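*Asks:* After the structure tokens below, expect a handful of questions from me.
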Amino acid sequence: MTGATTDAQTSEPQVSVQFLGQFLVSQGHVTRDELEAALDFQEENNLPLGALALSKGLLNERQLLIVHAQQMNTEDRFGEVAVRRGFLTRHQLDELLREQKEARILIGDALVRAGAVDADTLAVAVQQYRVVQERAQEQVDAELRALPDAHLISPAIQLTTRLLLRMCGLVAKVAAVSQDTRLAHFDYALWQEVEGTRPFTYALHLDGIDLLDLSEAVLYALDDETALPDEVDPMVLDVGKEFVNILVGHLCTWLDREGHRTTPLPPGSGEGNLDPPSCWEGAVRRINVRLVMPRTAMAVSILVKPGDETA
Amino acid sequence: MSYRVLAVDDSLLMRRKVEKSLKDTEFELVATAGDGEAAVEQFKEVAPDLVLLDIVMPKMDGPSALKQIMSLDGSARVIMVSSLGTDEAVTACLEAGALRFIQKPFTTELLLKTLRAVCPS
């Protein structure tokens, strides 16, 4: 599909952080179904390093799980942890990385291969995407830096994207930052209130289908083979809340090292766009951060006490 | 010989993780609890050799449950298991009598290694 007119298709492309596939859809170069099919093709063919090592018999499943678990507490990449643990030699890692890179299918390649877009149109669109993304990224970074609560928001977002990647294999980008405005609709909210010198509430907002995917990935990361239902139930919410509990625990550990005293309360959950609770009386300032992933979107909201930023 | 373990965590997921980790080892999961109050009751009832105790829980948190358990039995062997790894929380629990601290998420390997390190001889 080419040349279809959409709201976003103007001479001046909309400035918004997004993935290339989403940009191509917003510009009318491909349809959402074509993008979904291309993402499926990518997932089937682009093996993560651990899966590649497993398929070649260089690692066993137990070693794979150990490396994944250790990665959750570090910034280190899979290969580095595997070498440090003695599961892979440096030479084996280099060979795996070379093989992975050579076989890697980019989303544009997958769309061209499927006939969704021609190579020339794609090349022009990619150039346009790079320009727009650079501007959008600068805008979001500036908004994040300008927040009075940057000391809290920045590590909260970094930890969220890190845990989504490490535990769920989800690559997320910060798409937008806003203050005191309503979120787009999400089916569920998972939150945790934190008492302390600068109390706050962390909340993750996501749709039911994404909560199911997230829970399944967390179970896998924890080596739990329990089959989850097709719909969100208390078990799924329990897994989601534990994900937030792990995230907030690590956030508080980081804040503690920066000199802030924190005491997290048990995590909670609710349906729809409800306002998460806060553990203090009076006014609440809410910062919403929209996260985009290749197939979906989530949001993080942080509730703080107005005035705390200057305390 | 097997060691009797009480696992305390408000997350069913984490209680199941412990159960699975202890399967076919020298450790036997004899009881679980989902909050601090239930943990103290279970401790009185089953008198475990080892306790795995979460920090952030409803009704009564881990540090408060730890104090009550230590006042019931000063030689109780308690390992704190939490995603919260602040110096204050860790130090307070170790000073109150906990023997070790494990930060979530943890591997089965680390859990077993830590349990073995504090087993009664």
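The values are calculated or read from the model by the stated rules, or taken from the named source; none is laboratory data. Computed from a predicted model, the values in this text were never measured in an experiment. With ideal geometry, Cβ positions are generated from the backbone for all residues, glycine too; neighbour counts draw on all protein chains shown.
*Asks:* Every residue in the range A:242-268 that is facing chain B (nearest Cβ under 7 Å) and among the charged types (D, E, K, R), please.
*Replies:* Correct list: A:242, A:256, A:261.
*Asks:* Going residue by residue through the range A:255-278, is there one that turns out to be more than 30 Å from residue A:136 (Cβ to Cβ), assigned to a helix (DSSP H, G or I) and either among the basic types (Lys, Arg) or touching a Phe, Trp or Tyr at 6+ places or on another chain (Cβ under 6 Å) (or both)?
*Replies:* There is at least one residue in the range A:255-278 that is more than 30 Å from residue A:136 (Cβ to Cβ), assigned to a helix (DSSP H, G or I) and either among the basic types (Lys, Arg) or touching a Phe, Trp or Tyr at 6+ places or on another chain (Cβ under 6 Å) (or both).
*Asks:* Okay, next question. Of everything in the range A:254-297, what is in contact with a strand residue (DSSP E or B) (Cβ under 8 Å, 6 or more places away or on another chain) and closer than 19 Å to residue B:103 by Cα? Give them in sequence order.
*Replies:* A:255, A:256, A:261, A:262, A:263, A:264, A:265, A:266, A:267
*Asks:* Looking at this structure, is residue A:299 of a type in the set (A, V, I, L, M) and either surrounded by fewer than 20 Cβ atoms within 10 Å (Cβ to Cβ) or at pLDDT below 90 (or both)?
*Replies:* Answer is no for this residue.
*Asks:* Go through the range B:93-120 and count every residue that is of a type outside the set (Val, Ile, Thr), crowded, with 17+ Cβ neighbours inside 10 Å and in a helix (DSSP H, G or I).
*Replies:* The total comes to 3.
*Asks:* Can you tell me which residue in the range A:61-112 is surrounded by the fewest Cβ atoms within 10 Å (Cβ to Cβ), limited to those that are within 14 Å of chain B (Cβ to nearest Cβ) and assigned to a loop (DSSP other than H, G, I, E, B)?
*Replies:* A:86
*Asks:* Could you check the range B:80-111 and list, in sequence order, the residues that are in contact with a Ser or Thr (Cβ under 6 Å, 6 or more places away or on another chain) and more than 8 Å from every other protein chain (Cβ to nearest Cβ)?
*Replies:* Hits for the range B:80-111 are B:100, B:102, B:111.
*Asks:* All but one of (1) part of a helix (DSSP H, G or I); (2) surrounded by 24 or more Cβ atoms within 10 Å (Cβ to Cβ); (3) out of contact with any Phe, Trp or Tyr (no Cβ under 9 Å at 6 or more places or on another chain); (4) within 14 Å of another protein chain (Cβ to nearest Cβ) hold for residue B:66, so report the exception by its number.
*Replies:* With respect to (1) part of a helix (DSSP H, G or I); (2) surrounded by 24 or more Cβ atoms within 10 Å (Cβ to Cβ); (3) out of contact with any Phe, Trp or Tyr (no Cβ under 9 Å at 6 or more places or on another chain); (4) within 14 Å of another protein chain (Cβ to nearest Cβ), residue B:66 is out only on (4).
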